[in-house]
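Report on one structure; see the data block that follows.
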Amino acid sequence: MAQIRDIMEKNVITIEHDKTVLDAARLISEKDISFLVIMKNNVPVGVLSESDFVKRLAANDKKASAVIISEIMSSNFRWVKPETELEDAIQKMLNNNIRRLVILDDNKLVGIITQTDLTGFLRDKLLVDKTIKNIQKN
């Protein structure tokens with residue numbers, strides 16, 4: 001099967017760790033995404049998802065403009081290398097109950113992959129495989 005590099009999203013939206021949660025919320029809204037990679041000195045130090053906003057900001061009745069991203073981000077994020085096999089990435093996502101993986105190459109951010117990316121790839125592969133089998137039958 002394919003490697004992560006074959007289907008990862010290379011255009012990753014990032015934000016610096018010392019910005020406010022309001023800055024992050026505006027970026028998420030503007031880019032119509034649900035996830036940011038948090039950077040410090042060009043190195044990923046965390047991730048911020050919509051669930052982080054709910055669990056660590058809204059549920060604690062905090063004001064977004066008064067909270068720094070590093071206070072609510074998840075610093076224990078999961079990642080894989082670009083050459084990771086898709087099966088291994090899927091297993092890592094299932095084992096950790098997560099929907100996204102950061103892709104690092106020598107600690108440098110090179111992409112992300114989401115459940116949606118994987119689902120789309122696998123759907124297309126199944127359709128191609130089915131089409132090939134139908135052609136071979138005829």
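Would you mind stating whether Lys81 is in contact (Cβ under 8 Å) with a residue 40 or more places away in the chain and of a type in the set (Lys, Arg)? So Lys81 passes the test.
Among the residues making up region 1-20, a single one is in a helix (DSSP H, G or I) and loosely packed, with under 14 Cβ neighbours inside 10 Å: Asp6. Filtered by the rule that a residue be under 15 Å from Ile28 (Cα atoms) and either within 13 Å of the chain's Cα centre (by Cα) or among the charged types (D, E, K, R) (or both), region 52-68 gives a lone residue, Asp52. Residue count for region 52-86 satisfying the condition of being surrounded by 13 or more Cβ atoms within 10 Å (Cβ to Cβ), outside any loop (DSSP other than H, G, I, E, B), in contact with a helix residue (DSSP H, G or I) (Cβ under 9 Å, 6 or more places away or on another chain) and polar (S, T, N, Q): 1. Any residue at all in region 28-45 that is under 17 Å from the mean Cα position of the chain (by Cα), hydroxyl-bearing (Ser, Thr, Tyr) and over 16 Å from Val12 (Cβ atoms)? Yes; the residues of region 28-45 include at least one that is under 17 Å from the mean Cα position of the chain (by Cα), hydroxyl-bearing (Ser, Thr, Tyr) and over 16 Å from Val12 (Cβ atoms). Of all the criteria given as (1) without any contact (Cβ under 8 Å) to a residue 24 or more places away in the chain; (2) farther than 17 Å from Gln115 by Cβ, the one not satisfied by Ile33 is (2). The single condition from (1) farther than 19 Å from Glu16 by Cα; (2) exposed (fewer than 10 other Cβ atoms within 10 Å of the Cβ) that Asn107 fails is (1).
Please verify whether region 21-30 includes one or more residues that are on the phi < 0 side of the Ramachandran plot, at pLDDT 95 or above and not in a helix (DSSP H, G or I). Within region 21-30, none of the residues are on the phi < 0 side of the Ramachandran plot, at pLDDT 95 or above and not in a helix (DSSP H, G or I). Filtering region 31-40 to residues that are at pLDDT 95 or above and either surrounded by 16 or more Cβ atoms within 10 Å (Cβ to Cβ) or in a loop (DSSP other than H, G, I, E, B) (or both) leaves Leu36, Val37, Ile38, Met39.
The values are calculated or read from the model by the stated rules, or taken from the named source; none is laboratory data. Predicted, not measured: the structure shown is a model, and the values here were computed from it. Here the Cβ is made from the backbone with ideal geometry for all residues, glycine too, and neighbour counts use every protein chain on show.
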